[in-house]
Structures are given as C-alpha cells and as structure tokens.
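Structure first, then comments.
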Amino acid sequence: MNTISGVLAAFALAAASSTVWAANTVKATVNGMVCAFCAQGIEKRLSKMPATHAVFVDLKRKVVAVEAKEGQTLDSKAIAAEITESGYDVVKIETVSQTIAEIKGSPKARK
C-alpha cells in the first residue's frame with residue numbers, strides 16, 4: 001500500500017468510527033415577554049435545569065431556545081412548564097438540530 005492510499009484508509013477509518021454530536025435544542029415561541037427582566041427570569045430558571053448547556057431569549061422574535069449539554073436530552077414538557085410557571089404563555093415548542101449560536105446568527109435573529 002502506498003503512502004497516499006494508507007493515509008486515505010486511515011482517514012476513512014477515523015471518520016467512520018468517530019461520532020459527530022448534533023445539537024439538541026428546544027425552541028419555544030413565548031407570549032408575554034416584554035422586557036429584559038422577563039428574559040432574565042426565564043433564562044435563570046431554565047439555566048438551572050440539569051441538562052441545560054445554554055439559554056437564549058430573543059424578545060423581538062418571542063423565542064426562547066435551550067441547548068442541551070453534550071450527550072443529554074432536554075425535556076420539552078419540563079421547559080414549557082418552567083416558562084409557564086414564570087408567568088408566560090408557550091405558543092409553540094419544538095426540538096431543532098441548531099445550536100444557540102446558529103439561532104443567534106440566523107437572519108431572522110438579526111432583524
């Protein structure tokens with residue numbers, strides 16, 4: 001086996017055996033958030049959840065995003081309950097494969 005094919009074979013083996021971690025993020029549309037105090041309260045509560053890695057609140061878009069720690073799964077019902085117990089209405093909740101950085105960087109987030 002020549003050097004190039006050996007390197008390619010090693011690369012293919014490494015790629016096949018490695019696992020790529022896909023972000024597990026719960027994204028909620030929330031009504032009733034109007035100020036930074038609202039955002040801070042929600043962020044503080046959700047940050048205390050054991051599987052939470054990061055929280056992002058966008059008041060303009062009425063979005064709350066919670067990203068899971070690597071290897072952990074978020075409970076969307078528990079997240080919705082925390083938001084509701086904070087005094088806000090969860091209109092929609094979904095699991096997305098984006099990271100919070102990707103959600104922040106989306107064109108809609110910059111408007």
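Just so it is clear, none of the values below were taken in a lab; they were calculated from the coordinates. Worth saying up front: this structure is predicted, and the values here are computed from it rather than measured. Note that each Cβ is placed from the backbone with ideal geometry, even for glycine, and that neighbours are counted across all protein chains shown.
Quick one: Lys62, Lys48, Lys69, fewest Cβ neighbours within 10 Å first, how do they rank?
Lys48, Lys69, Lys62
Calculate, in nm to one decimal, what Gln40 and Asp58 gain on full extension: separation in residues at 0.36 nm each, minus their alpha carbon distance.
Separation in residues times 0.36 nm, less the Cα-Cα distance, equals 5.4 nm.
Can you list residues whose amide H is under 5 Å from Val30's amide H, if they're 5+ apart or on another chain and H is modeled 1.01 Å from N?
Correct list: Val63, Val64, Val91.
Take every Cα pair under 8 Å in region 21-110 that's 6+ residues apart, average their separations, divide by the length, and report that relative contact order as a whole percent.
Details: 156 pairs, mean separation 37.8, N = 90.
It rounds to 42 percent for region 21-110.
What ³J(HN,Hα) values, in whole Hz, does the Karplus curve 6.51 cos²θ - 1.76 cosθ + 1.60 give for region 24-31 when θ = phi - 60°, with x put for Gly and Pro?
Coupling constants for region 24-31: 10, 10, 9, 10, 10, 9, 10, 9 Hz.
Which cross-chain or sequence-distant (5 or more) residues have an amide H under 5 Å from the amide H of Thr99, H modelled 1.01 Å from N in plane?
It is none; the list stays empty.
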